[in-house]
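Visitor: Pasting a structure here, questions to come.
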Amino acid sequence: MSDTEISGRDWFVEGKALTYAIAYIQSLPKERQEWSDMQDMIRILRAKVSPETLALMAYDVEIHAGRRVNLRVEETSREVIQFDFIFDQNHIKLHEMRDHHCGHQSGYVSLKPDSTPAATA
């Protein structure tokens, strides 16, 4: 692949494409999910994109795809926990702003690493 910049925001478009791919893989039945590819995609995103930007990408994909996307990794290092905390704070804010703007009651649901939904009101 070439390192030539096409749009001036290639990194953002590429990150969003990975986020859509992850959301699609997660929408498949468990037995059809390409788990190792999905985990690699998540790791690539987390290495190249700040938690604030990743929260925006996830929010945008969730609004358009109509489903939550889980961007957690299995590791539990201090860096991972810090990244997840910043991501969650920004992700929650985006959903709360949308809920407030649209007149919805806040019903943000965060996906834990085991993919079990847990309310975070």
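Visitor: What are the ³J(HN,Hα) couplings of the range 57-66, residue after residue, when phi is run through the Karplus curve with 6.51, -1.76, 1.60 and θ = phi - 60°? Round to Hz, x for glycine and proline.
Guide: Those phi angles translate into 4, 4, 4, 4, 5, 4, 5, 6, 8, x Hz.
Visitor: Please state the equivalent ellipsoid semi-axes for the range 23-73: what are the square roots of 5 times the Cα gyration tensor eigenvalues, largest first, in whole Å? Present the calculation step by step, with values, prior to reporting the outcome.
Guide: Details: eigenvalues 70, 46, 7 Å².
Equivalent ellipsoid of the range 23-73: 19, 15, 6 Å, largest first.
Visitor: Taking 0.36 nm per residue of sequence separation and subtracting the Cα-Cα distance, how much length would be gained by fully extending the chain between SER77 and VAL13, in nm to one decimal?
Guide: Values: separation 64, 0.36 × 64 = 23.04 nm, distance 2.83 nm.
Net length gain for the segment: 20.2 nm.
Visitor: How far apart, in nm, are two points set 7 Å out from the Cα along the Cα-to-Cβ line at ILE6 and at LYS48?
Guide: Modelled inter-label distance: 1.3 nm.
Visitor: Let me ask something else. Can you list the HN-Hα couplings for the range 22-33, worked out from phi with the Karplus curve (6.51, -1.76, 1.60; θ = phi - 60°), rounded to whole Hz and with x for Gly and Pro?
Guide: 4, 4, 5, 4, 5, 7, 6, x, 3, 5, 9, 6
Visitor: Using 0.36 nm times the number of residues separating LYS30 and ALA65, minus their current alpha carbon distance, what extension gain do you get?
Guide: Roughly 10.7 nm would be gained on extension.
Computed from the coordinates by the stated procedures, all read-outs in this text should not be read as laboratory data. Only a predicted model underlies this, so the values are computations on that prediction, with no experimental measurement involved. Don't worry about glycine lacking a Cβ; one is built from the backbone with ideal geometry, like all the others, and counts go over all protein chains shown.
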